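Worksheet: one structure, shown below.
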Amino acid sequence: MKKEMIDYHCHLLPAIDDGASDLDESLEIGRILSDFGFTTVHCTPHRIRGCYENDPPRVLRATHIMQRLLEEAGIGLKLIASTEHYFDEFLPETLPDALRAGNPKLVLVEVPFGGGTELLPPLVSSFSRHGLTPLIAHPERCVAFAPEEREHGWRGAFSSVLGKPKPAADLQDSQVTLLRQAGCRFQGNLGSFAGYYGRSVRERALLFLKNGVYSCLGSDAHRSDHLRETLNLGLEAVIETVGEEDAIQLLSGSALNL
């Protein structure tokens, strides 16, 4: 890997959300990310009204402090202050001052895992009104982006009952394809390719990867436990699926240019 490797989604900052619990864990996560090959890490704590009130000044301050502590510990990472915005009714009012995700027009946003497709048109409209583009985090983990299966009706039902392989999923006219055509960008989790979130998420992630859905990748690291193994397994799966050249493009964020 010769190009700069960028982690676009990471919960490195200590005690600010459900990520690193304390400074020691933040430093350990930083060491693992650096050893893996990341040179730049976007610190993206959750911003959820009533839960994690991580407004830009707080995130900027925490990122600045963490950068200094990493340098003192000899960990060579460049930190960028960003935020993982939760898609809810409060999102539109936070967009004007939202911290960007590696591009002046991009904002990292998390769609509720169990939310339906009815959430997606308002999401695009909210961003369009502000001249912004959503960088949608880990779509492979969200029900709203589940692709349809090609086999339907009694054939599909009998296949399920008999334990036969599931019919192939189809991304044609899927929500993820329509959103890509509307300009949205997608960030995949390395842990998804490694099977960290289960088999169905892994299968969906690999399907998206094969179909060019992702513009960048991230660790989405919350804890140091098993992180090193997860990153390595995820990268192996990405390279095996699309080759090293495409893996480098995804890890460098080259496809994020708007």
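The values are calculated or read from the model by the stated rules, or taken from the named source; none is laboratory data. None of these values were measured; they are calculated from a predicted model. For neighbour counting, all protein chains shown are included, and Cβ atoms are generated from backbone atoms with ideal geometry for every residue, glycine included.
Output yes when any residue across region 95-107 is of a type in the set (D, E, K, R), without any contact (Cβ under 8 Å) to a residue 40 or more places away in the chain and surrounded by 15 or more Cβ atoms within 10 Å (Cβ to Cβ), and no when none is. Break it down stepwise before answering.
We begin by selecting, within region 95-107, every residue of a type in the set (D, E, K, R); these are 97, 100, 105.
Those still in the list that are without any contact (Cβ under 8 Å) to a residue 40 or more places away in the chain too: 100.
Applying the additional criterion that residues be surrounded by 15 or more Cβ atoms within 10 Å (Cβ to Cβ) yields 100.
Checked region 95-107: at least one residue is of a type in the set (D, E, K, R), without any contact (Cβ under 8 Å) to a residue 40 or more places away in the chain and surrounded by 15 or more Cβ atoms within 10 Å (Cβ to Cβ).
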query: Would you pick out the residues in region 17-52 that are within 23 Å of Tyr214 (Cα to Cα), crowded, with 24+ Cβ neighbours inside 10 Å and touching a Lys or Arg at 6+ places or on another chain (Cβ under 9 Å)?
result: Val41, Pro45
- line: Here the qualifying pairs (Cβ atoms under 7 Å; residues six or more apart or on different chains; first in region 109-136 and over 18 Å from Phe208 (Cβ atoms); second among the polar types (S, T, N, Q)) come out as Phe127/Thr133
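Just the residues that are within 12 Å of Leu132 (Cβ to Cβ) and in contact with a strand residue (DSSP E or B) (Cβ under 7 Å, 6 or more places away or on another chain), please, taken from region 60-108.
Step one: list which residues in region 60-108 are within 12 Å of Leu132 (Cβ to Cβ), which gives 85, 91-92, 94-101, 103-108.
Once the filter is applied, which keeps residues that are within 12 Å of Leu132 (Cβ to Cβ) and in contact with a strand residue (DSSP E or B) (Cβ under 7 Å, 6 or more places away or on another chain), region 60-108 yields His85, Leu91, Thr94, Leu95, Ala98, Leu99, Arg100, Ala101, Lys105, Leu106, Val107, Leu108.
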- line: Within region 56-81, restricting to residues that are without any contact (Cβ under 8 Å) to a residue 60 or more places away in the chain, outside any helix (DSSP H, G or I) and under 21 Å from the mean Cα position of the chain (by Cα), the one that is surrounded by the fewest Cβ atoms within 10 Å (Cβ to Cβ) is Lys78
- request: Give region 215-240 a look and list any residue that's closer than 20 Å to Thr40 by Cβ, crowded, with 19+ Cβ neighbours inside 10 Å and either in contact with a strand residue (DSSP E or B) (Cβ under 8 Å, 6 or more places away or on another chain) or not polar (S, T, N, Q) (or both), or say none.
  value: Ser215, Cys216, Leu217, Gly218, Ser219, Asp220, Ala221, Leu227, Leu231, Gly234, Leu235, Val238
- prompt: Somewhere in region 202-210, is a residue in contact with a Gly (Cβ under 9 Å, 6 or more places away or on another chain), among the aromatic types (Phe, Trp, Tyr) and in a helix (DSSP H, G or I)?
  reply: yes
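If we keep just the residues of region 5-55 that are assigned to a loop (DSSP other than H, G, I, E, B) and closer than 17 Å to Glu72 by Cα, which is farthest from the chain's Cα centre (by Cα)? So that I can check it myself, show each step before the final result.
Taking region 5-55 and keeping what is assigned to a loop (DSSP other than H, G, I, E, B), we get 11-22, 37, 44-45, 49-51, 53-55.
Going one step further and asking which of them are closer than 17 Å to Glu72 by Cα, we end up with 12-14, 22.
Working: Leu12: 14, Leu13: 17, Pro14: 19, Asp22: 23 Å.
It comes out as Asp22.
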query: Which residues, taken from region 187-201, are part of a helix (DSSP H, G or I) and either among the small types (Gly, Ala, Ser) or surrounded by fewer than 19 Cβ atoms within 10 Å (Cβ to Cβ) (or both)?
result: Gly191, Ser192, Arg199, Ser200
field: Residue list for region 133-153, restricted to those being assigned to a helix (DSSP H, G or I) and either modelled with pLDDT under 95 or among the acidic types (Asp, Glu) (or both)
entry: Glu140, Val143, Ala144, Phe145, Gly153
message: Looking at the structure I just gave you, is Pro14 in contact with an Asp or Glu (Cβ under 7 Å, 6 or more places away or on another chain), over 30 Å from Glu245 (Cβ atoms), crowded, with 22+ Cβ neighbours inside 10 Å and not polar (S, T, N, Q)?
response: no
